[in-house]
Structures are given as structure tokens and as C-alpha cells.
Amino acid sequence: MDNKMRSCGIKLSMKSGLTRGFFIFVILSSLLTGCSSSTQKDQLNVFFNEGFGQIEVGGKYAGAEFHQSRPLPSRLSFYYPVANSIVTSADYWHRYKSFPFSIILHSGSEQDTIGTIPYSYDYTPFSVNFENTENDYEVNFSYDVCDDLPVIVFRIVLKNITNVSKTLSLETSLHTTLRTSHTFAERKETLLQYHNNGSEVTAAFNYDDTDSAVVFIANVGEKPANNNNNQIKQVSDPLLQFKYEKELDAQEETEIIQLIGMCGQNESKKIIEKSRQHYKKSMNNNKERVLDHAFNQAYFSVHDQQLLQTLYWSKAVLESNKHYIDGHFMPMPCPAEYNFFFTHDLLLTSLGAVNYNLEYVKQGLQFLHSLSKDDSILAHAYYWKDTTFVTEYCNEDNWNNMWIIILTSAYLKHSADIKTVESLYPILKKSLRLMLESKGEDDLMYSKRPDWWDIGNVVGAKVYNSALMYKALHDYCYIAHVLDKNDESVVKYLQLAVRMKQQFVKKFWNTDANYLMNWIDKNNPDYHYYSGSLIALPFGLVDGDIKSGILQTAKDTLLDTHIGIRNAMPPDFHKLISLYKFNGMEAGEPYFYFNGAVWPQGNIWYALALISAGRLDEATEVLKKYLTLQGVQNSPNGQPSFYECRITDQKSNRYGEVDKPTFLWAGGWYIYTLYQLAGVRENPWNISFSPQLPKGFENAAYDLTLFGKLCRVKWSGEGDYFKQIKFDDLKSYSAIRSHPVNSISLERGIPETPYLAEANCIIEAVTYNNSDKEFKIKYSDILDHNVYFVVISPFPINNHVINGLKASDLLNVIESNGIYKYIFHIKSKYNKNEICLFFN
């Protein structure tokens, strides 16, 4: 396996060195402010010329999928009026064998296909440009999408690179049999008609499950030869064909532009004409919208340009992977690979988006609310089926029931949008109660699925769902408290969370395995190591030696040092189909898909687990090596892209191969983790800042949503503590933000005054009187909740008063080099509470 290091960056020219390209990217990034959109697109572009790339690009209405660096797509996906696809093979695992598009070049008596060999390419999430030389022509293919038109703009430029004139004769053919949204059934019969002197063609499909869609191609570049104008033909397996002929002088070029689109039959004339007139403007508007979102919507600056490049890419993916569905534009996982809206995609991606783009999250949550019925059960998926849009709903074994609570809690803390969360509360309440139907007598969660998967049918205690429920219980109680819905069930949920944590290690910690292990069923432990167990660390379910042991075992057992954390080990699920009650080989071959491949969230959870253990530099390296564009490209069979999964069989020539390169979750999780590395901490009750930063983040600056507005956070200094904290240039004594501000200044160093570092309750105010050294914390909480506070101080405490009563215990002290760390554990007796600390 060739493991040579390759850097990715903007494309300079066909012959540009990739390392040089990345160096230029670094320089351009430092000049980001005031950049034109063309410069920003250059910064977003990544270049690849290794010959095996998989590419997906797209936008609101359409997307295209390419394999093996070929410039002709294996699939064209359209989402308007409903999701239909043009693809010649239904074999999911061999999608590269689909060839719906062909181009034949005639030269005298000879003819040859072009575009079937690998090309070098540069691309963004919404566009791709291929270049190569074939048959004495320099050939350039490009694909782009539009902002308000349901078309893909296909462009091919051919340049005669000989010293003599040549007669160009070129024929394009698109095999336009449709695949339907839900069943992926073939629809072949169509009414075919050429229009406008042969420069347009329409193929009308009179099938209900295609929503009677029409596929069209309109030429807006070089004019094709006349093609039986206005004749309507009933055909099966339609080919939309055009032929172009032109005499090209030496070094002369010609440009063919086809607008390939889909719409309803009754609107086709209007949309085709609008596309002809406005495609350039619409294409540019789409580019401007995505670039503005990626570069300008929220500021983020760290020293490491490799991290920044992937941040811009992540934000561009979030903005591009929003597809039309039933009058809405909703996040979907890939530009061209999926026809459904899945709640899971929205929820996981929004955990990153909530840090800088509240509207993205709000629209998604409101869409989920619109899909719910009177029973308030959460939607699992939404898609076109046969003749209408249908909704699948979550059952009692669906992790979406917990992720919706976790995301809504994060949204409420970042937005203070009580109105939206109030409308969602019945769904949250139902989701929690429904999910708790899967709770066992030991207060842990029982699931049919191994780990985070959506396959498998044997009920046993599971680490992943138990960890999610532990987090969701606290998040639900926070939401209920803010909405003033503190009934008896809220207290019971907090008590359940306490019992769950007590049982968690007893049930799942396996001393011999040195890891948190699932149970296949009620009586038999599962000997597999799953990546989902890592999420228990950032969720606060394990500490100390157990946390260290889990991280060591993950490194020794799950980590492939070249491409990251494998999904599960050992990869023998193909032999255990009957044991887990899989549906055939749905888990995949060894080291592929669920069966031992690398998925992005496994790497993310590993990084978050390292952050929770204070190992920030290691976490940064995990993010850089396994999730940045450059890191992925520098690995075996790597390319500058994201991925849904990567093959981990080191004996295979496909080792490291990427599948689904513009994968939505990867971008959302990447953004979430980058904010964590930059000092942002979020528990179920508040958002705070930690002075623990990795190398290269010392002078980080970024925008963060707090209480409904973007706040500029700036870091300076060095050390393990905050020297001083300022909110809107006013000195503060808390690393937990309790009110909206425009700016936050965080200077690390030796503390000048005491400050509140952590707490698991809602902080209302923190004050410090320097004259009498009185430090006061006012907080809001649920009755009988076990809360803790961490206060850092350069002074020792003389005494402390809780709700007006002097307390002599409840206090742990850790002193290091004259700095005191005070840890309080208190059971809240009131909804409104006050702690007073008096320092010497």
C-alpha cells in the first residue's frame, strides 16, 4: 500500500503540486477578511489527481455522484418535484458500475468514448471540475447546481491541441430510465420529444410514483444538430441524445453546456425557459450563498490552517446538503445518495450547527414538529412513497428519542428560544416516556441493536443507549425547569439518572476486557468492542482509572493508526447473522460498513473522550489525522473528503477506501468537536469555558451563539487557569455564561480573583466584593437535585454560607502551587439558592 503523504489545497493549475497548493491556502486564509467570492471558492476547492476518487456534489434540487475519478456521473439525483434518480444499477455495493451517461467522439471513420478514464479534478460540495487530455483534445468537464432552479449545469469544453484544424463530431447520450424514491423501481416508459430546433428534449414519465415527472435537457452552449423537432415518441429505456459538429482550428476550443433537470409536466415549459434565461445567475447565487455561509456567517480563527480548511468545508457541506422535500429544504446526508429525510441526520449535524447557526437548527426542529401528530411521537423519516409523502415514526427502541432531547437542550441554552422549545415539549415528553419502556429492572437501557446501529434484533443491555439516556434525562429536566414544568416526574427522572450511573459501571465494566461491554441478551455478554461505548466518557458516566482504561483499550483494540477508530472489533458479524438476527449480510463483509469499518462519529467520540480526560493535544491530533481533508488524503487510499465509512482491511488493495465523500454528519460532528477543542464546554445545565486548550489554540477567536445572539470569544495567555474573564469588557467572576453579551475575553494565567469554573445547575449571577472578599453564587435548580460547584481561587476560604446557613462540610479542597480548587456537593433545597464564600 502506497502511504506517501499528500497535501490538499486549492488548485493552482493542472500541474500544481499539492503541497504548494496547501501552502497557498494557508496564505489566502490569513487574508480571509474582505475576500471576494472567487477567492473564497479557491480556498474551498480541493484538488485530487490520484485516479481513484469518489465524488458527490449537489445542492437544493439535484446532485451527482462520481466514481474512480471518472468525469461522467454514475448517478444523477433530483429532489424536485419528488426524489427520482437516474442510475443504471441497483447494486448499492457496486455503484461504480452504473453508467447512465456516455459521450462518443467521432474522428473521421473512427470513434471512441471519452470520459471513462480517471481525470484530475478539483471540487467543492456544490461543484466539480475535471481535466484531462484524450484523442488530441484537452477536455474539461464541469458540474454545478443552481439556487432556485431544479437543474444540474453540465459543461464540457474541448480544445484542439494539435497544430492542424480538426472536424469535431461529438455525441452525448443520457440513459434516462428513472429509479423511484422509495422502492428504487425502474420506470422505463416515457413520452420523448425534442423542441426548439432540436436543442431541447423532454422525457415525460406518466407514473404516480415518479409524481409524473419530466426529465429535460436544454442546450445553452454550442448548438446541437437538429433532432426530429417536435415529434413525440413513446419509448422504453429512453436515451436523450445530442450530436455536435464543428470545425476547430489549431488551439481552438468549443463549449457545450447542457441544463439537465427535472420538474412537473405541467410546468416544464416555464421552468425550461426560466432555466435558459437565468441559470448563470442562479448558479452564482448558489455559490455565493454557500460561500457566505462557510466563510462569513460566523468567525473562527486558530493558528492551524488544516483545521480551518476543514471547518470551512464542513460549513459548506451543511449548507449544500439541504434538499427539497415537499416544499421544504431539509438536511440530508449526501448530495446524491439518499432520497429520504432522516431525523438522525438533522439531530447529529445540528449539535455542531447550534454553536453558530441557530436558524439551521430551529428550522429543522420546527420541521420535526410539523411531522408529529396528536400522539406527539417523533418522526424517524419522511419521504415520497408511491403517491404521497409518508412519515415513519420512532418506536421505543429508537435513539432519536434521546438525541432530540439532547439537541433541544443545547438549542435552548444557545438560543433562549422558549417559544420554539415550548412547542416541542410534548414531543420531548413522549419521546422520553416511550424510550423508558426499554428500561430494564436494573435501570439501564435494553435494545435490539448492537451499539448505535439500526440493524440487529436481540434485546440486551446496551452501553450506547444507556449513556444517551443518562444524558437525555438531565437535559429533559433542564428543559422542564426552564419551561417551569417541574412536576414530580422531573424529580423522579433525576433520581433515575443517579441510579443509572450507579448501575452503569457494575453492568458494563469488564475488568478483563478493560472496556465497557454490551450484553447480547439478558444472560450473555457481548465480546465485541464497540465505538459507541466511548460516548460514556464525555457524558460523565465514568472517571479515573476506568476512563484511562477505556481510552487505552480503544487505542489498542479499536484504533487503526492510519485511518481511525473502527466501528467494532473483532469484525466477525458476517458469521453471526443468526445470533444477532441480522437480515443477511447487512452488517457487511469483514472490515467493511458496520463490520469493523471506520465511521466519522467513532473518531469524534474518541476525540471527545480524550478531551474529557484532559488530553487535548491528543484529541487535536485525532481530529487532524482522521477527519480533516488533508488528514484523510494523507492516509491509505485517501482523498480530500469526508466519508460515511472507510474499509479497514489492511490486506486489501481497497484499504482506506472512502465511501460517501460529502457526508453530512462528518461536518456537523467536526464543528462540534472543534468548538470543544477551543474551550467551549456544555453540560445539561449551562455553557462554560475551560482554560484547557491544545497547542495552537492559545490565541483562538470565534463567534459562539449564546442566548440567541452571536458573541465574539477571544483567548489570550497561557496556563491551566483563568487570570481574568471579561464580558463586554466588564470583569466577571464566572466561566459560565448566564446572560447575553456581545464579547467575551478569556485570559489564561495565575488567577487574580476567585471565579466559578463549573456547576451542574442554572447559574443566575456570580459576584465578588474585593473589599471584604465575599464571593456569591446565585443559582436556580430542581428540588433535591445533587449539584456541584467548582471554584478556583488564589485565596483560601475562611467560611461558606449556603442559603443563609453556615456550612462546615460539603467542601473538597485541592491546592496546587498556591491555587485552590474548591469542590462543593450540595442537594438543592429550593428552586432559588445562594452560596456565599468568604476568603482570607
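Scanning the stretch 150-195 for residues that are over 32 Å from the mean Cα position of the chain (by Cα) and among the small types (Gly, Ala, Ser) gives Ser165, Ser169, Ser173. Taking (1) open to solvent by less than 30 Å² (accessible area, probe 1.4 Å); (2) in contact with a strand residue (DSSP E or B) (Cβ under 9 Å, 6 or more places away or on another chain) in turn, Lys448 satisfies each apart from (1). The set of residues in the stretch 541-586 that are in a loop (DSSP other than H, G, I, E, B), open to solvent by 30 Å² or more (accessible area, probe 1.4 Å) and touching a residue at least 40 places away in the same chain (Cβ under 8 Å) comprises His562, Pro570, Lys581, Asn583, Glu586.
Being surrounded by fewer than 22 Cβ atoms within 10 Å (Cβ to Cβ), at pLDDT below 95 and either over 30 Å from Cys711 (Cα atoms) or not hydrophobic (A, V, I, L, M, F, W, C) (or both) narrows it down to one residue among Asp512, Asp442, Asp454; which is it?
On the way: Asp512 fails: at pLDDT below 95; Asp442 fails: at pLDDT below 95.
Asp454 is the lone residue from the list that is surrounded by fewer than 22 Cβ atoms within 10 Å (Cβ to Cβ), at pLDDT below 95 and either over 30 Å from Cys711 (Cα atoms) or not hydrophobic (A, V, I, L, M, F, W, C) (or both).
Each row is one residue, and each column tells you yes or no for (1) out of contact with any strand residue (DSSP E or B) (no Cβ under 7 Å at 6 or more places or on another chain); (2) farther than 20 Å from Gly59 by Cα; (3) of a type outside the set (Val, Ile, Thr).
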{"residue": "Ile325", "(1), (2), (3)": "no, no, no"}
{"residue": "His328", "(1), (2), (3)": "yes, no, yes"}
{"residue": "Phe340", "(1), (2), (3)": "no, no, yes"}
{"residue": "Leu351", "(1), (2), (3)": "yes, yes, yes"}
{"residue": "Ser372", "(1), (2), (3)": "no, yes, yes"}
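Okay, residues lined up against (1) more than 31 Å from the chain's Cα centre (by Cα); (2) under 30 Å from Lys555 (Cβ atoms); (3) of a type in the set (Lys, Arg):
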{"site": "Asn486", "(1), (2), (3)": "yes, no, no"}
{"site": "Leu494", "(1), (2), (3)": "no, no, no"}
{"site": "Val505", "(1), (2), (3)": "no, yes, no"}
{"site": "Asp512", "(1), (2), (3)": "yes, yes, no"}
{"site": "Asn518", "(1), (2), (3)": "no, yes, no"}
{"site": "Asp521", "(1), (2), (3)": "yes, yes, no"}
{"site": "Pro525", "(1), (2), (3)": "yes, yes, no"}
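When the stretch 788-815 is filtered for residues that are among the hydroxyl-bearing types (Ser, Thr, Tyr) and at pLDDT 95 or above, only Ser793 remains.
Within the stretch 240-252, the set of residues being crowded, with 16+ Cβ neighbours inside 10 Å and not basic (Lys, Arg) comprises Leu240, Gln241, Phe242, Tyr244, Leu248.
Just one residue in the set Glu319, Glu337 is touching an Asp or Glu at 6+ places or on another chain (Cβ under 7 Å) and charged (D, E, K, R); that residue is Glu337. Candidates Arg681, Arg712: the one that is under 15 Å from Ile744 (Cβ atoms), open to solvent by 10 Å² or more (accessible area, probe 1.4 Å) and under 21 Å from the mean Cα position of the chain (by Cα) is Arg681.
Report, by residue number, each residue of the stretch 803-840 that is under 15 Å from Cys761 (Cα atoms) and part of a strand (DSSP E or B).
Filtering the stretch 803-840 for residues under 15 Å from Cys761 (Cα atoms) gives 823-835.
Scanning the stretch 803-840 gives Ile823, Phe824, His825, Ile826, Lys827, Lys832, Asn833, Glu834, Ile835.
Of the residues making up the stretch 654-669, one or more are in a helix (DSSP H, G or I) and touching an Asp or Glu at 6+ places or on another chain (Cβ under 7 Å). Restricting attention to the stretch 802-828, the residues being surrounded by 13 or more Cβ atoms within 10 Å (Cβ to Cβ) and within 46 Å of the chain's Cα centre (by Cα) number 12.
Cβ-Cβ contacts under 8 Å between residues 6 or more apart (or on different chains), taken from a first residue in the stretch 726-737 that is over 15 Å from Asn769 (Cβ atoms) to a second residue that is aromatic (Phe, Trp, Tyr) and open to solvent by 30 Å² or more (accessible area, probe 1.4 Å), are listed as Arg737/Phe707. Given the criterion of a type in the set (Gly, Ala, Ser), under 27 Å from Leu473 (Cα atoms), modelled with pLDDT of 95 or more and touching a strand residue (DSSP E or B) at 6+ places or on another chain (Cβ under 6 Å), identify the matching residue among Gly602, Gly564, Gly540, Gly532. Criteria check complete, one pass: Gly602. Within the stretch 349-363, residues that are closer than 14 Å to Trp403 by Cβ sit with their Cβ atoms under 6 Å from residues that are open to solvent by 30 Å² or more (accessible area, probe 1.4 Å), at 6+ positions apart or across chains, in these pairs: Leu351/Tyr672; Gly352/Tyr672.
Pairing residues of the stretch 273-289 that are closer than 15 Å to Gly221 by Cα with residues that are aromatic (Phe, Trp, Tyr) and at pLDDT 95 or above, at Cβ distances under 9 Å and at least 6 apart in sequence or on separate chains, gives Ser275/Phe216.
Do we have Asp484 as open to solvent by 50 Å² or more (accessible area, probe 1.4 Å) and not in a helix (DSSP H, G or I) here?
Numbers: open to solvent by 50 Å² or more (accessible area, probe 1.4 Å): yes; not in a helix (DSSP H, G or I): yes.
Spelling it out, Asp484 is indeed open to solvent by 50 Å² or more (accessible area, probe 1.4 Å) and not in a helix (DSSP H, G or I).
Among the candidates Phe642, Phe722, Phe697, the residue that is touching a Lys or Arg at 6+ places or on another chain (Cβ under 7 Å), open to solvent by less than 20 Å² (accessible area, probe 1.4 Å) and not acidic (Asp, Glu) is uniquely Phe722. Tallying residues that are of a type in the set (Phe, Trp, Tyr) and either part of a loop (DSSP other than H, G, I, E, B) or open to solvent by 50 Å² or more (accessible area, probe 1.4 Å) (or both) within the stretch 186-231 yields 2.
Among the conditions (1) open to solvent by 70 Å² or more (accessible area, probe 1.4 Å); (2) polar (S, T, N, Q); (3) closer than 30 Å to Ala700 by Cβ, Gln297 misses just one, which is (1).
Has the stretch 428-440 got at least one residue that is closer than 23 Å to Asn355 by Cβ, in contact (Cβ under 8 Å) with a residue 12 or more places away in the chain and polar (S, T, N, Q)?
no
Residues in the stretch 725-733: is at least one under 27 Å from the mean Cα position of the chain (by Cα) and either crowded, with 22+ Cβ neighbours inside 10 Å or assigned to a strand (DSSP E or B) (or both)? No, the stretch 725-733 has no match at all.
For (1) of a type in the set (A, V, I, L, M); (2) more than 25 Å from Lys776 (Cα to Cα); (3) out of contact with any strand residue (DSSP E or B) (no Cβ under 8 Å at 6 or more places or on another chain), each residue gets a yes or a no:
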| residue | (1), (2), (3) |
| --- | --- |
| Ala700 | yes, yes, no |
| Asp703 | no, yes, no |
| Phe707 | no, no, yes |
| Gly717 | no, yes, no |
| Phe722 | no, no, no |
| Lys731 | no, no, no |
| Ala735 | yes, no, no |
| Val741 | yes, no, no |
| Ile744 | yes, no, no |
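The values are calculated or read from the model by the stated rules, or taken from the named source; none is laboratory data. Only a predicted model underlies this, so the values are computations on that prediction, with no experimental measurement involved. So basically every Cβ, Gly included, is an ideal-geometry build from the backbone, and we count neighbours across all protein chains shown. Surface areas here come from the heavy atoms of the whole protein model, side chains and all, with no ligands, DNA or RNA. Shrake-Rupley method; radii C 1.70, N 1.55, O 1.52, S 1.80 Å.
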